[in-house]
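Notes to accompany the following structure.
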Amino acid sequence: MSAVFELNTVNDLFLRVAGAGNPRAVLWQDKRGQWLPISSDQLYQRVRALGSALRRWGVKPGDRVALISENRWEWAVSDFAILAIGAADVPVYPTLTGEQIAVLLKDAGCRIAIVSTRQQFDKLNAVRGQTDLERILMMDSQDAPAGATQFSEAIGDADAKGSERDDAFDAQTRAVKPEDLATLIYTSGTTGEPKGVMLTHGNIASNQNVCVADFDINAQDSCISFLPLSHITARALDYVLFGRGAQIAYCSQFDRLPQAMKEVRPSVIVGVPRVYEKIRQEVERRASLSPVKKRLLARALKVGARRGDVVYAGKKPTALTWKVADRLVFAKVREAFGGRVRIFLSGGAPLGMDTARWFAAVGIAAWEGYGLTETSPVIALNSQKKQRMGSVGPLMPNVELRIAEDGELLVRGASIFKGYWQKPEATAECVDAEGWFSTGDIGRLDADGFLYITDRKKELLKTSGGKLVAPQPIENKLKVNMLVAQAALVGDKHKFISALISPNFAALEAWAKQQGIEAGNRAALVADARVVARYEAIVQEANVGLANFETVKRFRVVAEEWTQETGELTPSMKLKRRAINERYASVIAALYEDEATSHGG
């Protein structure tokens, strides 16, 4: 199916948005929490003004400009402005430390950085000597310190220009070619050092032209932009919405998301699996507080499970029992997303069959997709027209796929990246002479062309007996339980598989209180025999259906919640296995201290 319009560059998208005459292209929140609109005319004028300022400051086509910010309207204006003048942006996660950011900016050769807040400015300014920075532009102008250029000054009286167009600026925007570098995205990586992924305008445009062709997204739709825009998935979605004339509401803080859902009532949601898992765990936690609600949820899920395939196909069941369950239970779950969502998408990591089935049972089709930063990003995607639960959907028409002898997925096409910045050896390691990119993922295609992802090639565990174990499906089975926030399988080169479990402490502490368990701190809580026994039951439940060599023989419940800030998770909520293995080296060693004489029990 052809796209609504064809792009050659991201600038084609910007010019389309600029001419749309949309009075509410973007929503943003002021300090009082009020949602305020920005029209497409205002967006154009602010982009034009910032692009002109960047040119005055010496930014030339091909230069790199750093962008360090939470999701907000200034992020989109900065992105479009940098690309409009032929430069490339370097989006950086604002959660990184100053030292980490300095390494990336030095590598990219950035002379200008655009940051969101005083906190980000101070962090970057402290390491300025380790970079080539000449200017730091700050979005929050009200408390800009000496040495910062104010964003408000850069755009000046742009809004006063109304709908007038700058022909010279538009001509420069159109002069950018598909082969020109658009963005340099440093992959956070679950292992190894970050690498700068070079995506051209043509790479991104190719993906935009096909990635949601099977979805009817239009000017009546709205979406909350909350996944980090430094990640290509969130950015690509925003581009899709801009291109279709839909409304984008920027949510800069994740803890504001529940309230934003109620106020904006989006019709399109894209979340990483952890977002869906947390919604499910919260529903189950609340139901567990009341025996009546717990029974009601269980009965409704039983009814919903019989119609899950109908829901996943994008249809509404007609059975009376389902309608009753929908009115009493399922509608309340949908209200957590604002009550108006008609398109739910999941990406960034495997969703897991258990989670997909649970949401289908409550009337929500969470369609899963697959891609990487290096592929701009979408390789495959389920939709209402073509879907199969457990798969990541059929391939996009702009990519070819080949499966290597060891099961690794190789892809080729117009959306595949240009290479890693200043790392020709790293590029050559994963892109062969014929243009096939090695994804690092293990997968398979079924007879109908649906793609299934098994695991990351580098994350497969190999027991001392030579058996290969894919950790993610088993970890997902453990995370189905509301008491489990994260789980990491260990056991590479050992006789048996073990697991480290990071609890959902809100749910665990509530459960412990019900059981009359009193513990002075989290370490004491996870060591309590009754808590250990509860997690033992969770592990045994997850082991059902697994081959003997895959089953989790031992586990430890750790006293810490794993987060991006504490270093165990990437910004897209994937496990940083190396960091976890290093932090818990002594715990893992204890799990295997009697391995020579143990049978793994």
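Just so you know, all these numbers are worked out from the coordinates, no wet-lab data involved. From a predicted model like this one, the values you see are computed outputs, not experimental measurements. FYI the Cβ positions are ideal-geometry reconstructions off the backbone, even for glycines, and counts take in every protein chain you see.
Here are some notes:
- Fully extended contour minus Cα-Cα distance, from ALA523 to ARG412, at 0.36 nm per residue: 35.1 nm
- Here's the picture: charge each Lys and Arg Cβ at +1 and each Asp and Glu Cβ at -1 in the chain, and of LEU104, ALA81, PRO350 the one pushed furthest to the positive end of that dipole is PRO350.
- Looking at region 460-591 alone, DSSP beta bridges between its own residues are antiparallel in about 65 percent of cases.
- Taking 0.36 nm per residue of separation and subtracting the current Cα-Cα distance, fully stretching the chain between LYS31 and ALA559 would add 186.5 nm.
- Relative contact order (%) - the chain, alpha-carbon pairs under 8 angstrom, separation at least six: 11 percent
- Cα centroid separation, region 450-495 to region 209-283 (Å): 29 Å
- Gain on full stretching of the segment that runs from ARG24 to SER163 - 0.36 nm per residue minus C-alpha separation: 48.6 nm
- Counting only aspartates and glutamates at least 8 places from LYS513 when in the same chain, those with an alpha carbon closer than 15 Å to its own are ASP528.
- Of the trypsin sites (Lys or Arg not before Pro) in region 442-477, those whose Cβ has at most 16 other Cβ within 10 Å and which sit in DSSP loop: LYS467
- For a straight C-alpha distance cut-off of 27 angstrom, the lysines reachable from LYS31 (same-chain residues fewer than eight places away being disregarded) are LYS123, LYS161, LYS262.
- Here region 253-284 is scanned for amide nitrogen atoms under 20 Å from the site 7 Å beyond the Cα of ASP122 along Cα-to-Cβ, giving 253.
- The calculated 222 nm mean residue ellipticity attributable to helices in the chain amounts to -10500 deg cm²/dmol, summing -39500 (n - 2.57) over DSSP H runs of n ≥ 4 and dividing by all residues.
- Cα gyration tensor shape of region 543-601, rounded if a/c is under 1.5, else prolate or oblate by comparing a/b with b/c: oblate
- Summarising the label geometry, the points placed 7 Å from Cα in the beta-carbon direction at SER598 and SER464 lie 1.1 nm from one another.
- Label-point separation, ASP492 to ALA433 (7 Å along Cα→Cβ), nm: 3.1 nm
- Length-normalised contact order for region 460-591 - Cα pairs under 8 Å, 6+ apart - percent: 23 percent
- Antiparallel DSSP beta bridges within the chain, as percent of all bridges there, nearest 5: 50 percent
- Each peptide among 497-505, 122-130, 275-283, 163-171 gets the average number of other Cβ atoms lying within 10 Å of its residues, and from highest to lowest they stand as 497-505, 275-283, 122-130, 163-171.
- Label of the coordinate-derived value, mean projected area of the Cα convex hull in nm², listed as (1) 37.7; (2) 32.1; (3) 28.3: (3)
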